[in-house]
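The block underneath contains the structure these notes are about, expressed in structure tokens.
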Amino acid sequence: MKTLKQMGLLLLLALMPAWALACEDAVVLVHGNAGYPSDWDNTVSELYARGYSSSDLYLPNWGYKSCPACNNHSGWEEDPVRDAIEDAIAGSCTGKIDVIGHSMGVTLAAKQIIDLGAQADVDAFVGVAGAYRGLWSCGAYPYNVNNSTCGYYGLSVSSPFLDWLYGQSLASRVYSIKSYQDQVVCSTGTCTVGGVHSSRIAGEDATYTYTYGHFGLQAYTYVLQANLID
């Protein structure tokens, strides 16, 4: 026969909302070039409302803030993102993680997943306003704009880095969120590379289009972002 204490505990558990009992994937949120973790405030608030705790969320702070053109996908910029992914995997109560990146954070996070060989640990990968196929504003490699962001390890069209990245496995589920009003990806007047929107990820499961600009995609699609990692 159950004691009164045991019965009280069972009643308490029965009355608790489902999200309070759920074990969630850890989530890594990777900001864009010269951005900050606070750029994810809307997404973080939405995840909190769905029952995630601060210990479930990992927000690496990477890159030079005052020199965006100095940042690329090779070197010290990688360390905070790689560390966050490793820590998230180690700390996830499900054993799986989800990754959401914005802008250059999309390609930077993708590289760390591949370098770590962590594809099997990532349930969902969401790229928001990324330049997965390159930026025409950077030119086409090797006739690229002469800075780190557009160079060998950068976002010029057909850079060796992007050619290496293209088509590699990232996660069990992959999604992109894009816009044809994106002031960065579409800054030259065209959003496509080889007829495909540059924010689209090879092998993705679905893509979603909004009329927001580059930063609006991050700030205002937070409900979709949360839905995609559920």
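The values are calculated or read from the model by the stated rules, or taken from the named source; none is laboratory data. The structure displayed is predicted, hence computed values, not measured ones. Quick reminder, even Gly has a Cβ in these numbers, built from the backbone with ideal geometry, and neighbours come from all protein chains shown. Accessible surface areas use protein heavy atoms only, side chains included; no ligands, DNA or RNA. Shrake-Rupley method; radii C 1.70, N 1.55, O 1.52, S 1.80 Å.
Picking from residues in the range 66-79 that are charged (D, E, K, R) and not in a loop (DSSP other than H, G, I, E, B), the one that is farthest from Y132 (Cα to Cα) is D79. Considering only residues that are among the small types (G, A, S) and either farther than 27 Å from T94 by Cβ or open to solvent by 70 Å² or more (accessible area, probe 1.4 Å) (or both), which ones fall in the range 187-230? Hits for the range 187-230 are S187, G189, G194, G195, S198, S199, G203, G213, G216, A219.
Matching residues to (1) closer than 17 Å to N33 by Cβ; (2) part of a loop (DSSP other than H, G, I, E, B):
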site: G127; (1), (2): yes, no
site: S137; (1), (2): yes, no
site: Q183; (1), (2): yes, yes
site: T188; (1), (2): no, yes
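Each residue in the range 126-145 was checked for being open to solvent by less than 10 Å² (accessible area, probe 1.4 Å) and of a type outside the set (V, I, T), and 7 pass.
One residue alone among Y64, Y52 is open to solvent by less than 40 Å² (accessible area, probe 1.4 Å), hydroxyl-bearing (S, T, Y) and either touching a Leu at 6+ places or on another chain (Cβ under 7 Å) or in contact (Cβ under 8 Å) with a residue 12 or more places away in the chain (or both), and that residue is Y52.
How many residues are open to solvent by 30 Å² or more (accessible area, probe 1.4 Å) and either part of a helix (DSSP H, G or I) or closer than 17 Å to S199 by Cβ (or both) when one looks only at the range 146-166? Don't jump to the end; show me each part of the working.
In the first step, residues of the range 146-166 are kept if they are open to solvent by 30 Å² or more (accessible area, probe 1.4 Å); the result is 146-148, 152-153, 158, 160, 163-164, 166.
Subsequent filtering for residues that are either part of a helix (DSSP H, G or I) or closer than 17 Å to S199 by Cβ (or both) retains 148, 158, 160, 163-164, 166.
Residues flagged as open to solvent by 30 Å² or more (accessible area, probe 1.4 Å) and either part of a helix (DSSP H, G or I) or closer than 17 Å to S199 by Cβ (or both) within the range 146-166 amount to 6.
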